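The values are calculated or read from the model by the stated rules, or taken from the named source; none is laboratory data. Note that this is a predicted model, so its numbers are computed, not measured. As a convention, Cβ positions derive from the backbone with ideal geometry for all residues, glycine included, and neighbour counts pool all protein chains shown. Please note that ligands, DNA and RNA were not included when accessible areas were found on the heavy atoms of the full protein model with its side chains. Shrake-Rupley method; radii C 1.70, N 1.55, O 1.52, S 1.80 Å.
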Amino acid sequence: MYLTNEQEAILRGEEGWARKKCLEIIVGLGEIYGADRLIPVASTQISGVSYKTLGEYGLQWVESLSPSRVAVPSTLNPAGMDLSLWSEMGVPEEFAYKQMRVIRAYEKLGIITLCSCTPYLAGMAPRFGEHVAWAESSAVCFVNSYLGARTNREGGPSALASAITGLTAYYGLHLEENRKSTVEVEVSASLVGLSDYSALGYCLGKMLPQDIPYLKGVSNFGVEEAKALSASAAASGNMALYHVEGVTPEAEKSNSYGLERHRVDDKDLKGAYEELSTLRSGRIDLVALGCPHTSLTELRAAAALLKGRKVSPTTKLWFFTSLPVKVLAERLGVVREIEGAGGKVYTDCCMIVAPLERMGFSSMAVNSAKAAVYAPTASKVDVVFTTFEKCITIALEGRLT
Amino acid sequence: MRVIKCRKISSGRAEGLSLFSPAPISFFGTIDPETSVVIEKNHPLYGEKIAGKILIYPTGRGSTVGSYVLYGLSRRGLAPEAIIMRDAEPIVAVGAIMSDIPLVDKPESFDFRSGLHTVVDADRREIILT
């Protein structure tokens, strides 16, 4: 691998231990993947933020990098709790204490403590063709596919290493030739609400875990739809890039001529809803919307559905979003409307990385296939995966019927 | 004495007794992070302690949290002395670099067994069996 004189100096430790270790990580990954050099990144997004996933030793690693500072704008994945309202959420105090240690450790490195899986909805959107090092799998899939930025699926430690060095190894999806479609998928299923796009993503990731599909027949593909599809495709498979005919920026130059063909129909979608739901009926403790974090549009839609109604006293209705989106929703009166109906809007966290298993929940309704994939193992809750509207109905009635 | 050429992933030199696994290892799942004992049922190394050994296995798998598990083992003095893999993967590579554990892969031949005195010299890209 070619390294510049400056990079060689960093590896000799001339700029301190933390930068040396972080560059060793980047170079080590480059060796494994056969990179010929390193390239600068414009931003990073770092996973391993909830104390539940990072753990004590992960926290010690982050702390050990201080007093080094990040070289490029960097943000974080969701934490295990709303950093302001954790007590109201019912998060145990000793978890909250450790979670705040994690946040402070990242903050000391100069990282922007925007804890969100959708930083692209909160002022951190890479431009077309820009090289970045992002870790959250749903955001990786979104920025590669919908924005045409370039990132591999980083792990927490490698994204952090890129943040400190401002570099990544030049391999994988950074290279033009690795971004072409590998299969064609004809989508004949009718896609109505966001959960249908989420179910479609789940089918794609499961069917083609290592592929870059070229999707035909997908219409009405806006930011929310792309966010939903990206998240579930990256959760059920290793998907980090797809192209949508007539929509996404690299679709045209990556046509699907001569590729193997697949199909997703209504039956596949229906199968996804059934397969991912471990509950068929009964009481639901928590209705959790915001995987990935909700946009302002989704919060407004919820407020409209909740108008003049009340959430059941036996169920909680929680929305998860990023801090900037919540601030805007507060200004517009949307948060007040949701709270008036008995719902809550939390920031910085989500239903998967919060310690739900220690907060007294055992059943949950979601409109996200990704949340449904992870909830039974990550949070030890039973789950029903259904539409946005049905989730709201469950919250009002307190049960799934 | 046998010298086997290999590729360096994480630098350093270490020696010890080899512990060979023909099956893959995931640091998140296969190994108990508190004791370094292999806890995955039906694993060929089930019940063995990896601490202080030259750990040899073909490939890794599993969650990126595995990097932090390896780092945690090293902080508690329970990490292997060095790791030899047929094909290194990112999770163990990152964990080894974080923990200053020498890691090499792609040896000229992947023909190993347990209980041999083994030297891993990553910087010279050599494995020495005696």
Legend entry - Computed magnitude of the charge dipole of chain B (debye, nearest 20; Cβ of K, R +1, Cβ of D, E -1): 140 debye
Inset, instruction - Kindly state, to the nearest 0.05, the FRET efficiency for A:K380 paired with A:E107, given R0 = 45 Å and r defined as their beta-carbon distance. - result: 0.90
Inset, instruction - Tell me the chymotrypsin sites (Phe, Trp or Tyr not before Pro) within region A:100-131 that lie in a loop according to DSSP and have at most 16 other beta-carbon atoms within 10 Å. - result: A:F128
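DSSP loop (so not H, G, I, E, B), at most 12 other Cβ within 10 Å: list which trypsin sites (Lys or Arg not before Pro) in region A:107-164 pass both filters. Spell out each step's value before the answer.
Working: sites: A:K108, A:R127, A:R150, A:R153; in loops: A:R127, A:R153.
Of the trypsin sites (Lys or Arg not before Pro), the ones in loops of region A:107-164 whose Cβ has at most 12 other Cβ atoms within 10 Å are A:R127.
Just in region B:1-81: which trypsin sites (Lys or Arg not before Pro) are loop by DSSP and have at most 15 other Cβ atoms within 10 Å? Display every interim value, and only then the final one.
Numbers: sites: B:R2, B:K5, B:R7, B:K8, B:R13, B:K41, B:K49, B:K53, B:R61, B:R75, B:R76; in loops: B:K41, B:K53, B:R61, B:R76.
Loop-located and lightly packed - B:K41, B:R61, B:R76.
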Legend entry - Buried area at the B-A interface (accessible, heavy atoms, 1.4 Å probe, summed, Å²): 1700 Å²
Inset, instruction - Answer with one residue from B:T130, B:V69, B:G52: the one whose Cα lies farthest towards the positive end of the charge dipole of chain B, charges on Cβ with Lys, Arg +1 and Asp, Glu -1. - result: B:T130
Inset, instruction - Using a 10 angstrom cutoff on alpha carbons, build the Gaussian network for chain A and name the most mobile of A:V187, A:V49, A:V345. - result: A:V187
Legend entry - Radius of gyration and maximum dimension Dmax of the protein assembly as shown, Cα, Å: 23.7, 82
Inset, instruction - Compute the separation of the alpha-carbon centres of region B:13-39 and region A:249-285 and state it in Å as a whole number. - result: 38 Å
Inset, instruction - Taking only Cα atoms and a 10 Å spring cutoff, compute GNM fluctuations for chain A and point out the largest among A:K227, A:K270, A:K370. - result: A:K270
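Report the FRET efficiency, 1/(1 + (r/R0)^6), for A:A42 and B:M1, where r is their Cβ-Cβ distance and R0 is 35 Å, rounded to 0.05. The partial results should precede the final answer.
Details: r = 51 Å, r/R0 = 1.44.
After rounding to 0.05, the efficiency reads 0.10.
Can you show me the helix-derived [θ] at 222 nm for the protein assembly as shown, built from DSSP H runs with n ≥ 4 at -39,500 (n - 2.57) apiece and divided by the number of residues, rounded to the nearest 500.
Estimated from H runs of four or more residues: -10000 deg cm²/dmol.
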Legend entry - FRET efficiency, 1/(1 + (r/R0)^6) with R0 41 Å, evaluated for A:E252 and B:E108 via beta carbons: 0.35
Legend entry - Sulfur and carbon atoms: percent of accessible area, the protein assembly as shown [1.4 Å]: 50 percent
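Charges at C-beta only: +1 for Lys and Arg, -1 for Asp and Glu. How large is the resulting dipole of region A:28-125 about its Cα centre, in Debye rounded to 20? Don't skip to the end; give the middle numbers.
Numbers: 7 positive and 9 negative charges, 46 e Å.
In total the dipole reaches around 220 debye.
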Inset, instruction - For A:T386, tell me the accessible area in Å² from a 1.4 Å probe, rounded to the nearest 10. - result: 20 Å²
Inset, instruction - Taking the Cα centre of the protein assembly as shown as origin, sum charge times position over the Cβ atoms of Lys and Arg (+1) and Asp and Glu (-1), and report the length of that vector in debye to the nearest 20. - result: 600 debye
Legend entry - Residue-normalised accessible area of region B:2-129, given per residue in Å² at a 1.4 Å probe: 40 Å²
Inset, instruction - Take A:R69, project a point 7 Å from its Cα along the Cβ direction, then tell me which residues of region A:104-148 have their backbone nitrogen under 17 Å from it. - result: A:105-113
Inset, instruction - Whenever you get a sec, line up A:K326, A:K20 from highest to lowest accessible area (probe 1.4 Å, protein heavy atoms). - result: A:K20, A:K326
Legend entry - Once exposed loop GluC sites (Glu not before Pro) are cut out (DSSP; at most 14 other Cβ, 10 Å), longest piece of chain B: B:35-107
Inset, instruction - May I ask you to find the residues of region B:67-82 that are shielded by at least 40 Å² of accessible area once the whole protein assembly is considered instead of their isolated chain (probe 1.4 Å)? - result: B:Y68, B:Y71, B:R75
Legend entry - Which listed pairs, of A:K21/A:K52; A:K227/A:K270; A:K370/A:K390; A:K20/B:K8, have C-alpha distances above 22 Å, in listed order: A:K21/A:K52
Legend entry - Cα-based helix-to-principal-axis angle, B:65-75 vs chain B, degrees rounded to 10: 70 degrees
Legend entry - Residue-by-residue Karplus 3J(HN,Hα) for region A:127-140, coefficients 6.51, -1.76, 1.60, Hz, glycine and proline x: 8, 4, x, 6, 8, 9, 10, 10, 10, 4, 5, 6, 6, 4
